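Below is one structure, written out as structure tokens; comments come after it.
The values are calculated or read from the model by the stated rules, or taken from the named source; none is laboratory data. All of these numbers come straight from a predicted model, not from anything done at the bench. Virtual Cβ from ideal backbone geometry, glycine too; neighbours counted across all protein chains shown. Keep in mind that these areas ignore ligands, DNA and RNA; they rest on the heavy atoms of the full protein, side chains included. Shrake-Rupley method; radii C 1.70, N 1.55, O 1.52, S 1.80 Å.
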Amino acid sequence: MFIVKLGGSVITDKSKKYFFKRQVMKRLSSELKKANKETLLVHGAGSFGHILAKEHMLNQGYKSNKQLQGFSLTHAMVQKLNSLVLESLHDRGIAAVSIPPHAILKLDDHKPVKMDYNIFREYLDRGFTPLTFGDVVLDGKLGFSICSGDLLLQMLAEHFKPEKVIFVIDEDGLYTSNPKMDKNAKFIEKSTVSELEALTTSSNAYDDVTKGMEGKIETIKHIVSLEIDTIMLNGNIDNRLYDTLIGKESKHTLIYGGKK
Ligand code: IPE
């Protein structure tokens, strides 16, 4: 089984509120269909979630009743993005079923304390493709907070021990520094977790409430420590996802599962 996260920066334009990249999603849906692998899908919130979440300070938890409307609106918008992703998958003939995080998991001070993994297993066993997404959720300590797609990926990887975890992002993979800001950044084809420690990352330009690349590297360290290979690849380039899923050589970063 593969666990794939479609990053918010690939399926939306992060600089424009509520901008869905329909054509990119259509192609990614076709690649998933063509590869025909058992897959558990996660997608990020992009400009349907981050801007609102920041406006209403949702990741800091409950401060005042004014945030309730913001929580509800943010949920509605990520759910709307989820419907668009679902529709695209259906159009390519993938029997995807949406599993909204807020209804099946609970965090406590941003850390997972409760999650219904069984629902994913049951849909997979019946031949469906479960689809979940970064969402606003209940949080025991904070009242509410945000569960990122990356955290979902980490939880699902820990539970299901997939063959590979794939992050579909808007870069070819990992670089020695941020390629959007440093022209000397070098591409990393293969890496181990100890090599990851040496990387310098800088946060990106967008209002990312869930830590961007820095947070992603922490997530990857966790996943590879479970001995699961993790791949980062460019979702904007034709067939990178497809080729990787079928095991064909293609440009991406592979981080070997294992502690060293
Ligand atoms: C964020 O999810 C969820 C909300 C802001 C509600 P992600 O952190 O997984 O989204 P992307 O991939 O960075 O856009």
With the full set of protein chains in place, find how many percent of the accessible area of the chain is carbon and sulfur; take the probe as 1.4 Å.
49 percent
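Normalising by the residue count of the chain, find the relative contact order in percent from Cα pairs under 8 Å and 6+ residues apart. Display every interim value, and only then the final one.
Numbers: 536 pairs, mean separation 57.4, N = 260.
Computed over the chain, the figure is 22 percent.
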Can you list the HN-Hα couplings for the stretch 53-68, worked out from phi with the Karplus curve (6.51, -1.76, 1.60; θ = phi - 60°), rounded to whole Hz and with x for Gly and Pro?
4, 6, 3, 9, 6, 6, 6, 8, x, 5, 10, 7, 4, 4, 6, 4
Which value, in Å², gives the accessible area per residue of the chain when a 1.4 Å probe is used on the protein heavy atoms?
46 Å²
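When every alpha-carbon pair in the stretch 6-147 is counted, what percent end up more than 19 Å apart?
On the way: 5227 of 10011 pairs.
Tail of the P(r) past 19 Å holds 52 percent of the pairs.
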Under a cut-off of 18 Å between alpha-carbon atoms, report the aspartates and glutamates in cross-link reach of K141, not counting same-chain residues fewer than 8 places apart.
D108, D109
Set of aspartates and glutamates with alpha-carbon distance to K54 below 15 Å, sequence-local pairs under 8 removed
D135, D207, D208
Of I223, S145, T12, farthest towards positive along the dipole that unit charges on Lys, Arg, Asp, Glu beta carbons give the chain
T12
Could you name the lysines in cross-link range of K34, using Cα to Cα under 22 Å and dropping any fewer than eight places away on the same chain?
K5, K21, K26, K164, K248, K251
Where does the charge balance sit around G173 when Lys and Arg score +1, Asp and Glu -1, over other residues with C-beta under 15 Å from its C-beta?
0
If I stretch the segment between A103 and E163 completely, what's the gain in nm (0.36 nm per residue apart, minus their alpha carbon distance), one decimal?
18.9 nm
For the stretch 2-63, compute Rh as the Kirkwood radius over C-alpha pairs and then the Stokes-Einstein diffusion coefficient at 4 °C and 1.567 mPa s; write the answer in µm²/s, rounded to an integer.
100 µm²/s
Starting from the 7 Å offset along Cα-to-Cβ, what nm value, one decimal, do you get for the label separation of Y18 and L68?
2.3 nm
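Please give the calculated 222 nm ellipticity per residue for the chain, where each DSSP H segment of at least 4 residues contributes -39500 (n - 2.57) and the sum is spread over every residue; nearest 500 deg cm²/dmol?
Details: 10 runs with 99 residues, N = 260.
Roughly -11000 deg cm²/dmol at 222 nm, from the helical runs in the chain.
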Computed Rg/Rh of the chain, alpha carbon atoms with Kirkwood Rh
0.94
